[in-house]
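These notes concern the structure reproduced below.
The values are calculated or read from the model by the stated rules, or taken from the named source; none is laboratory data. Everything numeric in this text was worked out from a predicted model, so none of it was measured. Here Cβ is always computed from backbone atoms with ideal geometry, including for glycine, and neighbour counts include all displayed protein chains. The accessibility values were calculated without ligands, DNA or RNA, using every heavy atom of the protein model including side chains. Shrake-Rupley method; radii C 1.70, N 1.55, O 1.52, S 1.80 Å.
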Amino acid sequence: MEEFDLLVIGTGPAGGQVATKCADAGWKVAIAESLAFGGTCALRGCNPKKVFVHAAEVVDAAQRTDGKLCDAGDIKINWKQLQSFKRTFVQDIPENSRKKYDDKGIKTLAGSPRFISPSQLQIGDDVIQPKHVVIATGGKPRPLDFEGSQHLVTSDQFLDLEELPKRVVFTGGGYISFEFAHVAARAGAEVVILDRGTRPLKGFDEDAVAQLVKKCEQLGIVIKPQTTVSSIEQTENGSLTINIQSDGQAASLDADMVVHGAGRVPNLDELDLKTGGVDFDPASGVAVGPTLRSTSNPIVMSAGDCAASGAISLTPTANAEGAAVARSLLTGVDTKPDYGPVAAVAFTIPAISAVGLTEAQAKAQGIDVEINQRDVSSWGSVRKVGQSIAWYKTLVDNTNGKIVGAHLIGPGAAETINVFAAAIKGGLTAEDLRELSFAFPTNSYNIRQMV
């Protein structure tokens with residue numbers, strides 16, 4: 001049996017941060033990873049995904065400005081080249097990540113520890129007794145229980161495809177489906193999104209999503225709301241038949257690939273949390289209090305997508321939670337994470353972004369807000385890049401003039417939203433933003449007209 005001050009399970013942004021900060025403070029630390037070291041965001045999520053999105057953005061920019069700014073010719077995504085380029089961003093991460101921990105004296109463990117008591121864990125033949133445990137194992141695709149679900153391709157697998165088939169169907173109406181659908185459409189695939197809800201991307205403003213749906217339709221992406229998959233059958237030639245219930249009616253459609261975009265759940269199956277006396281919910285994660293300490297086992301804390309903290313599952317919130325856990329451990333005083341206003345972006349083309357309150361949330365909270373909303377596809381900054389969709393909605397508290405929410409879609413939306421996040425964090429008013437001397441001409445300069 002080996003004793004540690006701290007065992008961290010998971011090497012993503014939350015777990016890695018806790019491990020390194022505690023090691024820097026002189027703690028004896030071990031960190032375990034059941035997959036490749038580096039975490040989902042770096043290896044199988046945000047970063048490689050953005051490479052794919054940028055490839056689609058390059059093709060999209062050329063096609064929409066063909067005959068105006070350039071002669072695009074037969075521009076297209078070369079999928080094999082894209083994969084090769086993507087690998088240059090991820091192939092060295094596991095080795096570099098592990099070396100970083102080794103250099104700090106952190107013991108690296110390959111595999112998933114499991115609790116054998118509330119204070120001990122086992123990995124392989126080794127028993128570990130840590131003073132503190134941090135569970136930061138992230139998420140995994142939500143299990144889908146229908147016949148033929150084994151034919152689904154996960155987001156991890158999509159990012160490793162050597163070839164993109166012609167007909168691609170996405171299940172679910174969230175980030176994964178929409179971001180990858182926009183990539184696949186720009187790569188020449190026929191794309192369908194099946195969403196069981198009445199509208200997709202529920203975390204975003206309803207009016208903003210309506211603008212994005214309009215763009216999807218322009219691209220030929222078919223979105224089927226209130227549609228569930230009953231089963232998937234593989235035909236003799238290898239193609240797939242998806243049997244669905246749509247608006248209460250049975251139907252079917254054919255595809256070459258079906259991608260799982262129906263959400264993720266905490267990745268906790270291998271830990272045997274019950275034996276460890278750690279309360280959890282398979283859908284929401286480890287039960288934690290406001291300071292991210294387990295409600296049932298005091299030596300355990302949890303952060304990131306596997307913690308039932310109530311925070312949106314994004315890398316910035318995982319970073320905030322990792323920082324709070326490290327601070328709590330090192331000071332001996334449990335502290336709450338400081339999320340601040342969290343900006344969210346779905347990297348469609350164009351991107352859709354949001355920060356702060358939606359109109360519906362403001363009304364539910366009884367806040368008297370001024371709604372500034374406008375289609376700005378006629379703005380010069382939009383027409384210069386050949387984009388056809390651009391729109392904003394900003395919310396200003398009428399009692400004090402402060403910005404309380406912003407929702408954007410169009411060129412620069414993924415970056416411009418950060419200015420609104422800073423404004424909300426700093427308590428800036430609409431007048432403050434109108435008086436700022438933004439660089440011109442930039443997308444951020446347009447903020448002066450949005451508030």
Per-selection Rg to Rh, the stretch 221-327 - Cα, Kirkwood hydrodynamic radius: 1.17
Antiparallel bridge percentage (DSSP; both residues within the chain; nearest 5): 60
Principal axis dimensions, largest first and in whole angstrom, of the stretch 272-396 by Cα: 60, 33, 29
In nm, spacing of pseudo-spin labels at residue 122 and residue 375 (7 Å Cα→C-beta vector): 6.5
Pairs of alpha carbons in the chain whose separation is greater than 33 Å (percent): 43
Hz values of 3J(HN,Hα) by residue in the stretch 84-91 - Karplus curve (6.51, -1.76, 1.60), Gly and Pro given as x: 4, 5, 4, 5, 5, 8, 10, 5
Nitroxide proxy distance, nm - points 7 Å out along Cα→Cβ at residue 365 and residue 79: 4.4
Accessible surface, per residue, of the stretch 119-158 when the full set of protein chains is kept, probe 1.4 Å, Å²: 49
Inverse of mean 1/r across different Cα pairs in the stretch 107-158, Kirkwood, Å: 14.2
Lysines whose Cα lies under 19 Å from that of residue 402, excluding same-chain neighbours fewer than 8 positions away: 363, 393, 425
Cα convex hull of the stretch 1-41 - mean projected area over all directions, nm²: 3.0
Segment residue 429-residue 166, length gained on full extension (0.36 nm per residue, minus Cα span): 89.8 nm
Sequence-separation-based contact order of the stretch 275-408, relative, with Cα cut under 8 Å and 6+ spacing, percent: 15
Between 0 and 90°, nearest 10: helix 13-24 axis offset from the chain longest Cα axis: 40
Mean Cα-pair separation over length for the stretch 82-205, i.e. relative contact order, pairs under 8 Å, 6 or more apart, %: 15
Dimensionless Rg over Rh [the stretch 175-285; C-alpha; Kirkwood]: 1.06
Pairs from 166/215; 50/202; 49/80; 86/215 whose Cα-Cα separation, in the structure shown, is over 25 Å: 86/215
Kirkwood Rh, angstrom, the stretch 53-143 [1 / mean 1/r, Cα pairs]: 18.2
Spatially proximal lysines relative to residue 131 (Cα-Cα < 17 Å; intrachain offsets below 8 disregarded): 21, 28, 107
Kirkwood Rh in Å, taken over all unlike Cα pairs in the stretch 70-201: 19.1
Furthest towards positive pole of dipole, 376, 395, 450, structure part the stretch 326-451, Cβ charges: 376
Mean Cβ neighbour count within 10 Å, used as a protection proxy, ranking 113-120, 293-300, 164-171 highest first: 164-171, 293-300, 113-120
Nonlocal amide H pairs with residue 148, under 5 Å, H built at 1.01 Å: 232
Segment residue 275-residue 247, length gained on full extension (0.36 nm per residue, minus Cα span): 5.7 nm
All-pairs alpha carbon distance profile, the stretch 335-445, 5 Å steps from 0, percent: 2, 12, 20, 24, 21, 13, 6, 2, 0, 0
Cα-derived Rg over Rh, computed across the stretch 1-95 with Rh taken as Kirkwood radius: 1.25
Those Cys residues of the chain for which no other cysteine Cβ falls under 4.7 Å: 22, 70, 216, 306
Long-range Cα-Cα pairs in the stretch 224-277 (distance over 14 Å), rounded percent: 66
Relative contact order [Cα under 8 Å, 6+ residues apart], the chain, whole percent: 15
Partners for residue 100 among aspartates and glutamates (Cα-Cα distance below 17 Å; same-chain residues under 8 apart left out): 24, 33, 92
